[in-house]
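Novice: This structure is in structure tokens; I'll ask about it shortly.
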Amino acid sequence: MEGSLDLSAYERPHVQDMASPFRYPGGKGFLTGYLGSKLSEIKAGERHYAEPFCGGAGAALNLLKSGVADVIHLNDADIRVYSAWRAMLFETDRFLDRLRDAKVDMEEWDRSIDLVQNADNSKDYSFDLGFATYFINRTSRSGIILGAGPIGGYAQTGRWKIDARWYRETMSSRIRWLGSARDRVRLTNEDALTFMARSRTRLPLDDCLIFVDPPYVQVGSRLYLNAMNEAKHSALADMLQGGTFPNWILTYDNHPLIHELYADRRIETISVNYSLRTTRKEKEVLLRSF
């Protein structure tokens with residue numbers, strides 16, 4: 001079953017009102033209104049919201065800041081992204097000091113990209129790695145952490161320079177708020193399937209909306225730090241459709257594999273803005289448990 005999901009009835013936050021300090025290509029902050037409406041339908045004293053592939057957590061932080069979600073669960077398998085979130089959440093003042101003093105130039109970019117490229121996912125949390133990851137996110141084209149290069153190019157001859165998306169005051173304000181909300185954030189560094197399996201006993205599933213936004217099937221290895229193979233996409237489908245999780249929403253690229261894995265469910269298309277090189281709209285698909 002296929003159709004198109006009309007999102008015009010749901011409030012779409014302006015980019016300046018976003019709570020996440022990250023930039024993410026194809027980020028789902030624009031779904032905040034839709035996700036919030038579905039979360040609000042859960043009748044619970046304390047509403048939980050979880051993202052197994054949190055990335056920039058655009059929607060999650062918007063929902064937390066607005067009060068629609070009481071507790072959010074952020075998980076990312078990549079030690080770089082996890083380290084950035086942990087540094088901002090639990091070493092907030094140190095992170096803000098580094099942000100204030102950082103020189104936004106190619107020398108800092110080269111130092112940061114070296115840390116990011118040589119990160120070992122088997123290692124533990126690192127503040128320096130977390131800050132480097134965030135620095136690269138804010139100073140690279142489209143916010144892509146690996147493979148995109150700095151805004152303005154390596155020679156800095158482009159129209160925009162490396163600091164074009166370095167809004168120090170706005171970034172600091174968002175990170176300061178994030179630190180103040182740390183008691184309502186649960187942060188984990190697990191494989192997404194492990195996170196889902198553990199959520200069966202760790203999360204109050206009847207009171208929780210799980211928003212699943214996996215790496216794309218088509219270009220996941222190019223855009224995401226932790227791509228998934230076909231077996232993992234299949235395992236995720238089995239897990240979501242097994243009946244354990246009552247409230248989930250899933251977004252994907254519009255790929256034949258997804259239509260095959262979710263053949264018995266209604267698949268709705270949504271328009272997503274991308275700005276990898278030029279701004280364009282792409283069709284993704286959205287599926288839900290209810």
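The numbers here are math on the coordinates, done by the rules we state, and not lab data. Treat the numbers as computed from the prediction; the structure is a model and nothing was measured. Glycine gets a Cβ as well: all are built from the backbone with ideal geometry, and neighbour counts include every protein chain shown.
Novice: Which residue fluctuates the most in the chain, going by a Gaussian network model with Cα springs under 10 Å, if the choices are 149, 130, 242?
Specialist: It is 242.
Novice: Extending each Cα 7 Å along its Cβ direction at residue 10 and residue 167, get the distance between those two points in nm, one decimal.
Specialist: Each label point is offset 7 Å from its Cα along the Cβ direction, giving 2.3 nm.
Novice: Could I ask something else about it? Given R₀ = 45 Å, what would the calculated FRET efficiency be for residue 160 paired with residue 238, taking r from the Cβ atoms and rounding to 0.05?
Specialist: With R0 = 45 Å, the Cβ-Cβ based efficiency is 0.50.
Novice: I would also like to ask the following. Among 118, 62, 229, determine the one that fluctuates most according to a GNM of the chain built with springs between C-alpha atoms less than 10 Å apart.
Specialist: 118
Novice: Go ahead and set up a Gaussian network model of the chain, Cα springs under 10 Å, then flag whichever of 182, 165, 202 fluctuates most.
Specialist: Largest GNM mean-square fluctuation: 202.
Novice: Which of 173, 142 comes first, and how do the rest follow, when ranked by fewest Cβ neighbours within 10 Å?
Specialist: Least to most surrounded, the residues fall as 173, 142.
Novice: Still on this structure, I have one more. Are there chymotrypsin sites (Phe, Trp or Tyr not before Pro) in segment 1-110 that DSSP puts in a loop and that have at most 16 other Cβ atoms within 10 Å, and which ones?
Specialist: 10
Novice: I've got another one for you. Output the antiparallel fraction of DSSP beta bridges having both residues in the chain, as a percent to the nearest 5.
Specialist: Counting DSSP beta bridges with both partners in the chain, the antiparallel share is about 45 percent.
Novice: Right, here's the next one. List the relative contact order of segment 79-182 as a percent without decimals, with contacts defined as Cα pairs under 8 Å and 6+ residues apart.
Specialist: 35 percent
Novice: Could you work out, for the chain, what percent of all Cα-Cα pairs fall into each 5 Å distance bin, beginning at 0 Å and stopping at the bin that holds the largest distance?
Specialist: In whole percents, the pair-distance histogram is 1, 5, 12, 17, 19, 18, 14, 8, 4, 2, 0, 0.
Novice: Now, a different point. What lysines sit close enough to residue 28 to cross-link, taking a C-alpha to C-alpha distance under 21 Å and skipping anything fewer than 8 places away on the same chain?
Specialist: The reachable lysines, counting only those whose Cα sits under 21 Å from residue 28, are 38, 65, 281, 283.
Novice: How far, in nm, would the chain grow between residue 271 and residue 123 when pulled straight, counting 0.36 nm per residue and subtracting the alpha carbon separation?
Specialist: Result: 49.5 nm gained on full extension.
Novice: Give, in nm to one decimal, the length gained when the segment between residue 186 and residue 41 is fully stretched (0.36 nm per residue of separation minus the Cα-Cα distance).
Specialist: Value of the extension gain: 50.0 nm.
Novice: Another one. Quick check on the exposure proxy: order 233, 14, 255, 48 from fewest to most C-beta atoms within 10 angstrom.
Specialist: Listed from fewest to most nearby Cβ atoms, that is 14, 255, 233, 48.
Novice: If you don't mind, there's one more thing I want to ask. Kindly put 37, 180 in sequence by how many other C-beta atoms sit within 10 Å of each C-beta, fewest to most.
Specialist: Least to most surrounded, the residues fall as 180, 37.
Novice: In degrees from 0 to 90, rounded to the nearest 10, what is the angle of the helix 192-202 Cα long axis to the longest principal axis of the chain?
Specialist: It works out to around 60 degrees.
Novice: Sticking with this structure for a sec: Find how many whole Å separate the alpha carbon centroid of segment 71-125 from the alpha carbon centroid of segment 11-54.
Specialist: 22 Å
Novice: Let me ask something else about it. Would you please name the chymotrypsin sites (Phe, Trp or Tyr not before Pro) within segment 133-169 that are DSSP coil residues with at most 13 other C-beta atoms within 10 Å of their C-beta?
Specialist: Sparse-neighbourhood loop chymotrypsin sites (Phe, Trp or Tyr not before Pro): 154, 160.
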